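One structure below.
The values are calculated or read from the model by the stated rules, or taken from the named source; none is laboratory data. Bear in mind that the values here come from a model prediction, so they are computed numbers and not experimental data. Here the Cβ is made from the backbone with ideal geometry for all residues, glycine too, and neighbour counts use every protein chain on show. The protein model used for the area step is the full one, side chains on, heavy atoms only, and it has no ligands, DNA or RNA in it. Shrake-Rupley method; radii C 1.70, N 1.55, O 1.52, S 1.80 Å.
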Amino acid sequence: MKTIGKAIVIGASSGIGQEVARLLIDEGWIVGVAARREDRLQELKQLAEGRVETIRLDVTEESATEALHELIQKIGGMDLFFYASGIGRQNRDLSENIELMTVRTNALGFTRMIGEAYRYFVAHGGGHIAAITSIAGTKGLGPAPSYSATKAMQSTYLQALEQLARHQQLNIRFTDIRPGFVDTDLLSGTHHYPLLMRPDAVAREIVRAVYRHEHVRIIDWRWRILTAFWRRIPRCLWRRFPL
């Protein structure tokens, strides 16, 4: 099989990250996969012996950047950096632990890893950064304050880096992936989520968006309509919106 390129997938142990890694492996990429639970990455490694490398990586730890570079060395470089790590829970009681852990993972961890990938591509002539943010960043969602806030931050951060790379004439592309609700461990629990999508279907749309070098991709068409409607709701009405 002809090799397409070399990709790093952060957060590949389950859900969307795992499905995206699986698709990239099937299509001929050399893939480095990383997650907190390295044992859960072995299934991916068995899909293509010699083209898949694994490492334990926790984005909330300062050593995560060292692990990233170790994984890059294992696969011999990096053309695509795909970021799927993240946590999120409804937190209507505003539990401090949930809010702070969400910020540590989705804001600090995200900034740590996206920034390191950016610096790598600056030093090595360019590449592609794709990251899963969320439609939750469209508006502040009362049931999940820190989640929606950190997802908005992620989209803004990617937009800022895209502008920075453009002005510095760097060959770095960006794709901001904004899924609606996906049937993964992230949404497990007693809450009901509408318009739930399958991870494999979402992953296929993500890979197509990456190949097309799309700047922003909201998944799927139903969520594109809903978020367009959300953006037009004035603040005075949004705070009364039933969620």
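Listed values, structure above:
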| item | result |
| --- | --- |
| Tail beyond 23 Å, pair distance distribution of the stretch 1-96 (Cα, percent) | 23 |
| Contour excess over end-to-end distance, with Cα ends at Asp58 and Arg240 and 0.36 nm allotted per residue | 61.7 nm |
| Portion, in percent, of the accessible area of the chain that falls on carbon or sulfur, probe 1.4 Å | 51 |
| Furthest towards positive pole of dipole, Ser63, Gln90, Val103, structure part the stretch 60-104, Cβ charges | Gln90 |
| Between the stretch 105-129 and the stretch 196-217, the alpha-carbon center distance in angstrom | 20 |
| Spin-label model distance (nm) - Asp183 vs His215, 7 Å beyond Cα toward Cβ | 3.5 |
| (i) 1.09; (ii) 0.99; (iii) 1.13, with the label sought being that of the calculated Cα Rg over 2.2 N^0.38 Å | (ii) |
| Karplus (6.51, -1.76, 1.60) ³J(HN,Hα), θ = phi - 60°, over the stretch 76-92, in Hz, Gly and Pro reported as x | x, x, 8, 9, 10, 10, 10, 10, 10, 6, x, 10, x, 9, 5, 9, 5 |
| Net charge of neighbours whose Cβ lies under 11 Å from the Cβ of Thr65, counting Lys and Arg as +1 and Asp and Glu as -1 | -3 |
| In Hz, Karplus ³J(HN,Hα) per residue of the stretch 37-44 (6.51, -1.76, 1.60; θ = phi - 60°; x = Gly, Pro) | 9, 5, 4, 7, 8, 5, 4, 5 |
| Kirkwood hydrodynamic radius over Cα pairs of the stretch 20-73, then Stokes diffusion coefficient at 25 °C and 0.890 mPa s, in µm²/s | 216 |
